[in-house]
Amino acid sequence: MDISTLKTEGRNESSKDIDKMSALEIATCINNEDKTVADAVQKCLPAVAQGIEAMANALKSGGRVFYVGAGTSGRLGVLDASECPPTYGVSPELVQGLIAGGRRAAFDSVESAEDNPDEFVGILTEKGFNPNDVLVGLSASGSARCVQGAMRFARNNGVKTICVSCNPDSPLIELSDIPIIAVTGAEVISGSTRMKAGTATKLILNMLSTGAMVRFGRVRGNTMAYMKPSNDKLVRRAIVMITAKTGVSDEVAAAELKKADYVVADAIDNIMNGAK
């Protein structure tokens with residue numbers, strides 16, 4: 001791929017003299033460019049909605065969601081997946097983030113792993129990857145061969161594919177049942193796709209996982225009723241949710257939460273059923 005043709009690799013005229021700017025001018029320049037990201041994401045909301053439904057349907061049928069990516073994209077996938085168990089009380093097996101280069105790459109640069117088209121194939125095979133699952137390929141430019149290889153592997157095994165990319169000519173488009181393309185344009189620092197492209201990817205992942213979990217029934221109203229209250233702050237949050245929904249005192253809410261093995265939704269149901 002000729003990276004000089006990629007929108008994500010272009011030269012940004014707004015920041016061409018950034019090395020001569022003051023600190024405030026640098027911050028203002030970056031902020032002005034960041035303001036364009038939400039508009040780019042808005043244009044692909046119909047595709048995001050399709051992705052939400054595909055992920056929710058997979059979870060409902062006993063399947064799983066796998067994010068695959070390298071570098072910033074891979075780290076964002078790992079981050080999003082890791083937040084699902086504490087937020088929605090689901091098994092860590094349901095949404096899994098795989099990053100090229102393995103666990104070390106989440107903290108240190110392992111850039112060469114991006115070029116291996118078979119990087120994820122063995123891992124997915126070991127995990128029993130099957131047509132009930134969904135694969136979400138993450139690559140700002142779409143050029144990551146490890147992601148392309150994973151998506152071809154998914155296609156060959158009858159697994160639905162989604163991609164999140166920021167290049168309108170992304171090679172991932174033809175490998176995706178649902179391509180989500182947020183065209184964020186040239187970065188403030190040319191090619192530094194951890195910036196606008198990374199922000200767009202994070203916004204889209206927020207919507208995909210949140211929407212899927214809502215459709216999967218892991219949200220009550222707009223509350224995290226199935227979260228795992230594993231520290232004092234979260235226990236307090238759980239008590240507030242229970243009292244707001246049922247009208248009981250903090251003391252009763254705390255007692256019912258403990259009886260329900262700290263599942264907020266169950267505590268609420270027990271209180272409401274007991275009041276009938």
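Taking 35 Å as R0, compute the FRET efficiency from the Cβ-Cβ separation of ASP250 and LYS60 and round it to 0.05. Display every interim value, and only then the final one.
Numbers: r = 36 Å, r/R0 = 1.01.
The value I calculate is 0.50.
In whole angstrom, how far apart do the alpha carbon centroids of segment 24-61 and segment 120-134 sit?
Here the two parts' Cα centres lie 26 Å apart.
Please give every one of the aspartates and glutamates within straight-line cross-link reach of LYS196, meaning a C-alpha to C-alpha distance under 13 Å, and leave out same-chain neighbours fewer than 8 residues apart.
The reachable aspartates and glutamates, counting only those whose Cα sits under 13 Å from LYS196, are GLU9, GLU33, ASP34, ASP39, GLU187.
Taking H placed 1.01 Å from N in the peptide plane, check which residues at least 5 places from CYS163 or on another chain put their amide H under 5 Å from its amide H.
Those qualifying (amide H under 5 Å, at least 5 residues apart or on another chain) are GLY137, ILE178, ILE180.
Counting DSSP beta bridges in the chain, what percent are antiparallel, to the nearest 5?
5
Using only Cα atoms, find the angle between the long axis of helix 145-156 and the longest principal axis of the chain, and express it within 0 to 90 degrees, rounded to the nearest 10.
Once rounded, one gets 60 degrees.
In sequence order, what are the phi-derived ³J(HN,Hα) couplings for segment 58-68 according to the Karplus relation 6.51 cos²θ - 1.76 cosθ + 1.60 with θ = phi - 60°, rounded to whole Hz, with x for glycine and proline?
5, 5, 5, 8, x, x, 10, 10, 10, 9, 10
Would you list LEU94, LEU79 from fewest to most Cβ contacts within 10 Å?
Working: LEU94 21, LEU79 14.
Starting with the residue having the fewest Cβ neighbours, the order is LEU79, LEU94.
According to a simple spin-label model (label point 7 Å from Cα along Cα-to-Cβ), what is the distance in nm between ILE189 and THR28?
If labels sit at THR28 and ILE189, their model points lie 2.2 nm apart.
What does DSSP give for segment 135-276 in terms of the percent of beta bridges that are antiparallel, rounded to the nearest 5?
10
Which of the lysines could a cross-linker span from LYS259 if the Cα-Cα distance has to be under 20 Å and same-chain partners fewer than 8 positions apart are dropped?
Counting by Cα, and skipping residues close in sequence, LYS259 has these lysines nearby: LYS228, LYS233, LYS245, LYS276.
Taking neighbour counts of Cβ atoms within 10 Å as a proxy for exposure, in what order, fewest first, do CYS146, CYS84 appear?
CYS84, CYS146
Any chance you could run the full-extension gain for GLU83 through ASN157? It's 0.36 nm times the residue separation minus the Cα-Cα distance, nm to one decimal.
23.9 nm
Would you mind computing, in nm to one decimal, how far apart the modelled labels at ASN206 and ASP118 are, each placed 7 Å from Cα along Cα→Cβ?
Placing both labels 7 Å along Cα→Cβ, they lie 4.0 nm apart.
Taking the beta-carbon count within 10 Å as an exposure proxy, list MET241, MET55 from fewest neighbours to most.
MET241, MET55
Against the longest alpha carbon principal axis of the chain, how many degrees, from 0 to 90 and to the nearest 10, is the axis of helix 23-34 turned?
In the chain, helix 23-34 runs at an angle near 80 degrees to the longest axis.
Among all the lysines, which ones have a C-alpha under 18 Å from LYS202's C-alpha, if same-chain residues fewer than 8 places away are not counted?
Here the lysines satisfying the reach criterion relative to LYS202 are LYS35, LYS43.
Values in this text are rule-based calculations from the coordinates and carry no lab data. Treat the numbers as computed from the prediction; the structure is a model and nothing was measured. Here the Cβ is made from the backbone with ideal geometry for all residues, glycine too, and neighbour counts use every protein chain on show.
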